[in-house]
Every structure is written in C-alpha cells, then in structure tokens.
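The values are calculated or read from the model by the stated rules, or taken from the named source; none is laboratory data. Bear in mind the structure is a predicted one, so any value in this text is a computation, not a measurement. In this analysis, Cβ positions are derived from the backbone assuming ideal geometry, glycine residues included, and neighbour counts consider all displayed protein chains.
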Amino acid sequence: MEEPDAAEFPYRKGLQLTIKAHVPPGPFGLGFQQKCVPRPGFTPKYEKKLDWCLKHSPVETEPPENTVVRTLHITEEIACKPYRSAQVVGCYLDGVTERLFVAKIYDALWYNSNTDDVTLCSDSRYSREAAAYEAIQKVRLDGIYSPQYHGSWAFDLPVPGRENLTRPVRMTITEKIDGLSQYDVLNMNLTSRIPPKDRLEILAITAEIWSELEYYGIRHNDMAPRNVMLEELNLKDPAMYKLPKIYLIDFETSHLLYHKDSERRPGLEGSSPRHPKYWLGKYCPEEWLAWVPEPQRSDPDAWKSWVLQLWDDAEYTKVEFLEDSSWKDYKLDSKPESKNAAIPTVESPRAR
Ligand SMILES: Nc1ncnc2c1ncn2[C@@H]1O[C@H](COP(=O)(O)OP(=O)(O)OP(=O)(O)O)[C@@H](O)[C@H]1O
Ligand SMILES: [Mg+2]
C-alpha cells in the first residue's frame, strides 16, 4: 500500500485537538481469546493506505455515560514521526499549561504498513494499553508503578485535501513523568553519572515493579530500558543527584491474567506470579548490559548471587492465585508487602 506523504504528518508541536472521552474496545489480540477480536482481519485491497484507513476505521464502541470534551495542545513530539507505531506527544489540556500530560495516539494511517490490517493492529494496541491502565486503577496502583492514567479519548482528524472529511483516531493520556527513560540515559551516555550501586538498585526496583504488577495479573511483556521511566533524575549536578522514582510505561503488549477474556491464567504453567529472578534471569538481560556494573554485568555467578540475596524466595512462593478468578476477584487485601521505594510507608532494603 502506498504510504501517505510524510509532509502531511499532522502530529506536530502546536497542533490543537478537540478530544472526547471514549470507551475503548475490550482488550483483544495477543493474550486474549480469539472471540474478542471485534471484527475479522481484512487484507488490504487499496493502493493507498489512506483509502484503506477511511474504509476501515477503528471499531465503534458504546458512547461513554457522560460526554466529556477537552482541548489538547501538543507541546512536544516525544516519540513521534511518520511510519512508526503509536505517536507519543507531550501536551496540556484545556489551556492549563502548568500541568503536562503524555498522549499516545493510535493512528493507523501513520503506523508502518508491516501488518495487513493496520487499523485492527493499532486498535488492539489501544485496547490493551487502556485495559492495563484500567486494571492498574482497579487495584489502586495508579500513579505508583506507572504514570497516572487520564483515560482514553477519541478525536476526528481532518483529511488533507478532502473537504469536510475526517477520520476517527484514538488515544490514551497519562501524566507526564518529569525525567528520562533508562534508554535515554544509555543513549546519551550518561550511565556513568549514576553510581553503580544505584544502577543495580534501579534494576532491582524495576524487577519488583514487574513482579508486583504480575501479582495482580498485569503482565507487562515488554520489559526494556525504553519502557522504564526515571523521575527527577538530575544528572547535571552531582550534588543534586538522588535515587529516582521508577515507573513502567507502555502496556500495549501486556496481558491481563485475571481478565475474563484472557487466554492465559495465573497459576497455570508459565503464568504464575513470579519471583523477580524469573524476569532478571541467570545472566544480566542483554538490553541492560550497558547499565549493569561489573562484576554483575559479565560474571554470571556474581549476577546470580546479587539477584538471590535481594529477595527471599518464600515471599514470592507464598503468593497464591485462584485459577478461575474472574476480573472482579482481585484480592485487594492480600497484596504482598512491597519493597518498592515508590511506596514510602514500606520499610525495606529497596526503600533505603
Ligand atoms: N508518561 C510518560 N511520561 C514521560 N515520557 C513518556 C511517557 N510515556 C511515554 N514516554 C516517552 O515516550 C516513549 C515512547 O512511549 P511508549 O513506549 O509508550 O510508546 P511506544 O510506541 O510503545 O514505543 P516503543 O515501541 O519504542 O516502546 C518512551 O520511551 C518515553 O521516552
Ligand atoms: Mg515503549
């Protein structure tokens, strides 16, 4: 299919959009049952991707109970260019410039066309991201391990050159974390400005967040330095440096093990709540090699003993899941004590 002209890419700093609250489709795609896919996948027949997108819009859902309309103003192009996947932009809402948000825009037209049915693909990512953030809200972890969620939204984008024609587009909004991703730190060669023991500590906290979310059936599935945000990381002035607060972002490939439509269940092989060591593995994960100091980086024994001395095995094995719990059966009272520095009331080695 012929991609649209990059010159028509609309998501630029200064763009203003009128957005309406939107009920996302139930999560579908990878990790969810086939019956949840809201329509059959189609093979493109059109020469131009724009025509394909006009013919195959994102799925319609019931309107929300209350119509909420807001004005979004793009202030920053964060991960935003033609032919990537979602467009991630910094923004403010309703003219209030002091409070910044991040909007993740799932516009199939500007996805690259690797997938046949690019609308269904972007919609499924939207559905899973929204469902994961809603799940995080339900278990009252919003803003603790992940940025605060500010809902799912839709807007109608004018089609250039076609008078009065618009296309529906979806987006999610979260608070903007003031900081850098681990990837940014690595990419800007700033890693050495974080003390080696803190780099290990940050990785340990990241692993705990992974495990805590998994405990609630929210399996991230895309653990990578670019999906770990470090808040208030001051690397310019060593005197101002302190251990940052850590958040996981990007839940578009996550699974929800307790969701009624999930294909995977907790307690079954490969999906039980896991000790952080099961994510960290027996060797330093490849994407974190440049992050982890020696000897843990290249000596597997040093790595394993670091991992194992951090957590008591028993603390993780005592966590039990009901195999057939449904979405509603989250047990809020049985949450294991967190060691995460993000929860200030908890005493733990991580919090120090
Ligand atoms: N809430 C946020 N606050 C600050 N920065 C953010 C936030 N959400 C995303 N970002 C930045 O935008 C980047 C892309 O976001 P995200 O990972 O959600 O998009 P993506 O399309 O899934 O990207 P990728 O495929 O590269 O993982 C992140 O790596 C991070 O730098
Ligand atoms: Mg990402």
Residue that is away from ligand 2 (no atom under 16 Å from the Cβ) and closer than 26 Å to F32 by Cβ, where the choices are Y216, Y241
Y216
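So for region 252-272 (the condition being under 17 Å from L310 (Cα atoms), of a type in the set (K, R), away from ligand 2 (no atom under 15 Å from the Cβ) and part of a loop (DSSP other than H, G, I, E, B)), does at least one residue qualify?
Scanning region 252-272, I find no residue that is under 17 Å from L310 (Cα atoms), of a type in the set (K, R), away from ligand 2 (no atom under 15 Å from the Cβ) and part of a loop (DSSP other than H, G, I, E, B), so the answer is no.
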Within region 64-136, considering only strands (runs of 3 or more DSSP E) that don't extend past its boundaries, which have at least 2 residues that are at pLDDT 95 or above, within 16 Å of ligand 2 (Cβ to nearest atom) and closer than 30 Å to Q33 by Cα?
87-93, 96-106
Across region 144-158, which residue is nearest to ligand 2 (Cβ to nearest atom) among those that are farther than 21 Å from R70 by Cα and in contact with a Leu (Cβ under 9 Å, 6 or more places away or on another chain)?
S146
When residues of region 7-21 are filtered for being in contact with a strand residue (DSSP E or B) (Cβ under 9 Å, 6 or more places away or on another chain), not hydrophobic (A, V, I, L, M, F, W, C) and not in a strand (DSSP E or B), how many remain?
5
Which of the residues belonging to region 161-193 are surrounded by 20 or more Cβ atoms within 10 Å (Cβ to Cβ), more than 15 Å from ligand 2 (Cβ to nearest atom) and among the polar types (S, T, N, Q)?
none
Kindly check whether there is at least one residue in region 111-118 that is within 12 Å of ligand 1 (Cβ to nearest atom), under 21 Å from the mean Cα position of the chain (by Cα) and under 29 Å from D261 (Cβ atoms).
yes
Scan region 109-130 residue by residue and report those that are buried (at least 24 other Cβ atoms within 10 Å of the Cβ) and among the small types (G, A, S).
S122, S124, S127, A130
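In region 154-167, is there at least one residue being polar (S, T, N, Q) and in contact (Cβ under 8 Å) with a residue 40 or more places away in the chain?
So the first thing to find is which residues in region 154-167 are polar (S, T, N, Q), and the list is 164, 166.
From what is left, the residues that are in contact (Cβ under 8 Å) with a residue 40 or more places away in the chain are none.
No, the conditions are met nowhere in region 154-167.
Report yes if G90 is within 19 Å of the chain's Cα centre (by Cα) and in contact (Cβ under 8 Å) with a residue 24 or more places away in the chain, otherwise no. Outline the logic, then answer.
Values: within 19 Å of the chain's Cα centre (by Cα): yes; in contact (Cβ under 8 Å) with a residue 24 or more places away in the chain: yes.
So G90 fits the description; yes.
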Do the conditions hold for G90, that is, is it in contact with a Leu (Cβ under 7 Å, 6 or more places away or on another chain) and within 13 Å of ligand 1 (Cβ to nearest atom)?
yes
Which one of these does M171 not meet: (1) away from ligand 1 (no atom under 11 Å from the Cβ); (2) within 29 Å of E208 (Cα to Cα); (3) in a helix (DSSP H, G or I)?
(3)
